[in-house]
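Student: I have a structure here, written as structure tokens, and I will follow up with some questions on it.
What follows draws every value from the coordinates through simple rules; no lab data is involved. Keep in mind that what you see is a predicted model, and the values were worked out from it rather than measured. Quick reminder, even Gly has a Cβ in these numbers, built from the backbone with ideal geometry, and neighbours come from all protein chains shown.
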Amino acid sequence: MARKLLKQNEKVREERAEMTDIGAPHHELSPAALNRIAAQGESKLKPDRQIHDGQYKAALPGKLIRSEGDTETGIADADTAYDAAGQVFSLFADEYGRNSLDDDGMPLVATVHHRRNYNNAFWDGKQMAYGTGDGKLFRTFLELSVVGHEMAHGVIQYSGGLLYENQSGALNESIADVFGSLTLQRGLALEAHEADWLVGRGILGPDINGAALRSMKAPGTAYSDDLLGQDPQPWHMDHFVVTTDDNGGVHINSGIPNHAFYLFATYLGGKAWEIPGRIWYHALQSLNNPMASFSDWADQTIKSANELTGNGSSEAVMLRRAWKLVGIAI
Amino acid sequence: MCFSLNCSHHNPLNCIVPPYMLRVLELRGDEPWRIWRASY
Ligand SMILES: [Zn+2]
């Protein structure tokens with residue numbers, strides 16, 4: 001195991017050394033390239049948020065407690081869900097020109113206080129739902145990257161979808177993590193090198209030894225706990241986990257494309273939700289393959305980079321290197 | 001429903017917490033229906 005890791009590290013060092021050959025990425029894009037990837041700017045798109053109180057029951061959506069434009073409810077989870085949904089809407093609208101999850105202005109329906117002691121948050125195909133956690137394993141689910149993750153599942157669904165099992169399912173999970181993390185980085189105005197690249201930071205219970213649910217920077221290191229065990233995420237194809245658990249490891253192998261995105265964004269530097277986020281978003285819109293494998297997706301991101309930043313751009317070259325570093329050759 | 005120990009595939013839901021992180025609760029006897037068997 002140790003030897004294998006060592007070997008892997010060696011390989012990474014070699015590949016990183018190779019990276020430097022192509023020079024630092026230039027942020028000074030040509031005007032034409034800038035036009036192609038221009039942000040939509042302050043869009044006129046506005047969210048229609050509908051936050052419900054599940055009253056600790058199973059029924060969804062529960063009781064409507066805050067509609068768009070309403071003042072604060074004083075219920076912490078509800079107000080956080082409202083604000084966070086606004087930030088996620090703004091990422092997709094103002095950066096990528098998307099009008100809500102379905103790109104047709106659909107209401108953002110969310111339920112807080114879903115069930116009692118419920119240790120999860122989910123997108124059920126129509127709405128978001130957030131448990132409160134049991135206070136032991138999880139203390140909350142109202143955290144910006146978690147909300148971004150769940151809403152991104154909605155965007156993925158309305159962008160042609162990715163079958164929620166095996167590699168396509170891990171891509172679904174990874175893309176949700178990417179946009180969850182980007183929502184948080186944008187909210188905090190952090191550049192790629194300043195961000196922690198954690199998903200669900202601080203949501204684990206007080207006695208759990210861990211920082212977050214997942215780490216895109218260092219998959220497999222988010223937690224290590226007697227109760228929870230060890231974060232099982234790999235970051236390289238050599239450690240791809242074959243399992244029937246977790247729909248074929250959708251939350252496990254997502255570490256690989258997560259890390260590729262992290263590498264790409266940090267190679268480029270700057271705001272990850274801008275060029276890298278736009279490339280990922282554009283790739284998702286043009287994928288048209290619900291059963292896509294990791295290499296199908298990698299291919300699509302390269303195509304998207306070529307389209308947005310120009311054929312053979314340093315961005316496209318960097319992206320290819322990032323995929324290669326996680327063991328996906330394109 | 002969210003996660004079910006007995007049916008690990010064809011899950012219509014996208015949960016943020018994977019089943020392997022929650023399984024410990026069932027092993028410990030903490031009312032697993034609260035965690036997995038959310039039917040609505
Ligand atoms: Zn998810």
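Student: Within a Cβ distance under 9 Å of A:Gly277, other residues only, what is the Lys/Arg minus Asp/Glu net charge?
Tutor: On the way: positive: A:Arg186, A:Lys271, A:Arg278; negative: A:Glu95, A:Glu274.
Charge balance in the 9 Å sphere: +1.
Student: Using only the alpha carbon atoms of chain A, find the Kirkwood hydrodynamic radius as the inverse mean reciprocal pair distance, in angstroms to one decimal. Could you put the intermediate results ahead of the total?
Tutor: Numbers: mean 1/r = 0.0496 Å⁻¹.
When all Cα pairs of chain A are included, the Kirkwood radius is 20.2 Å.
Student: While we're on this one: Of the residues A:Ala76, A:Ala283, A:Ala129, which exhibits the maximal mean-square fluctuation in a Gaussian network model of chain A defined by a 10 Å Cα contact cut-off?
Tutor: So, out of A:Ala76, A:Ala283, A:Ala129, the one fluctuating most is A:Ala76.
Student: Using just the helices of chain A, give the 222 nm mean residue ellipticity in deg cm²/dmol: DSSP H runs with n ≥ 4 each add -39,500 (n - 2.57), and the total is spread over all residues, rounded to 500.
Tutor: Numbers: 10 runs with 136 residues, N = 330.
Computed mean residue ellipticity for chain A: -13000 deg cm²/dmol.
Student: From the square roots a ≥ b ≥ c of the eigenvalues of the alpha-carbon gyration tensor of the stretch A:173-248, which class results: rounded (a/c under 1.5), prolate (a/b over b/c), or oblate?
Tutor: On the way: a/c = 2.01, a/b = 1.29, b/c = 1.56.
Cα axes put the stretch A:173-248 in the oblate bin.
Student: Within chain A, which DSSP H helices have Cα atoms that stretch 30 Å or more along the helix axis and a mean Kyte-Doolittle hydropathy of at least -1.0? Spell out each step's value before the answer.
Tutor: Values: long enough: A:166-187 (31 Å, -0.15).
Membrane-span-like by this rule: A:166-187.
Student: Which pairs break 18 Å Cα to Cα here: A:Lys44/A:Lys271; A:Lys63/A:Lys136; A:Lys303/A:Lys324; A:Lys217/A:Lys303? Before the final figure, lay out each step's value.
Tutor: Details: A:Lys44/A:Lys271 22 Å; A:Lys63/A:Lys136 27 Å; A:Lys303/A:Lys324 16 Å; A:Lys217/A:Lys303 24 Å.
From A:Lys44/A:Lys271; A:Lys63/A:Lys136; A:Lys303/A:Lys324; A:Lys217/A:Lys303, over 18 Å: A:Lys44/A:Lys271; A:Lys63/A:Lys136; A:Lys217/A:Lys303.
Student: Okay, moving on. For the stretch A:52-166, what is the largest minus smallest coordinate of the Cα atoms on each principal axis, given in angstrom and ordered from greatest to least?
Tutor: Result, largest extent first: 41, 36, 22 Å.
Student: For the stretch A:164-325, divide the Cα radius of gyration by the Kirkwood radius and give the resulting Rg/Rh value with two decimals. It would help to have the intermediate numbers written out before the result.
Tutor: Details: Rg = 15.3 Å, Rh = 15.9 Å.
A ratio of 0.97.
Student: Below 8 Å between Cα atoms, with a sequence gap of 6+, how large is the relative contact order for chain A in percent? If you can, show how the numbers build up before the last one.
Tutor: Details: 647 pairs, mean separation 50.6, N = 330.
Relative CO of chain A lands at 15 percent.
Student: If the elastic network links every pair of Cα atoms under 10 Å, which of A:Ser293, A:Ser174, A:Ser90 fluctuates the most in the Gaussian network model of chain A?
Tutor: Taking springs between Cα atoms under 10 Å, the residue moving most is A:Ser293.
Student: Checking the a/c ratio against 1.5 first, then a/b against b/c, what shape does the Cα gyration tensor give for the stretch A:40-104?
Tutor: Numbers: a/c = 2.78, a/b = 2.01, b/c = 1.39.
Verdict is prolate for the stretch A:40-104.
Student: Another question, then. Quick one: net charge of A:Asp79's neighbours, Cβ under 12 Å, K/R +1, D/E -1?
Tutor: Numbers: positive: A:Arg49, A:Arg66; negative: A:Asp53, A:Asp70, A:Glu72, A:Asp77, A:Asp83.
Here the count lands on -3.
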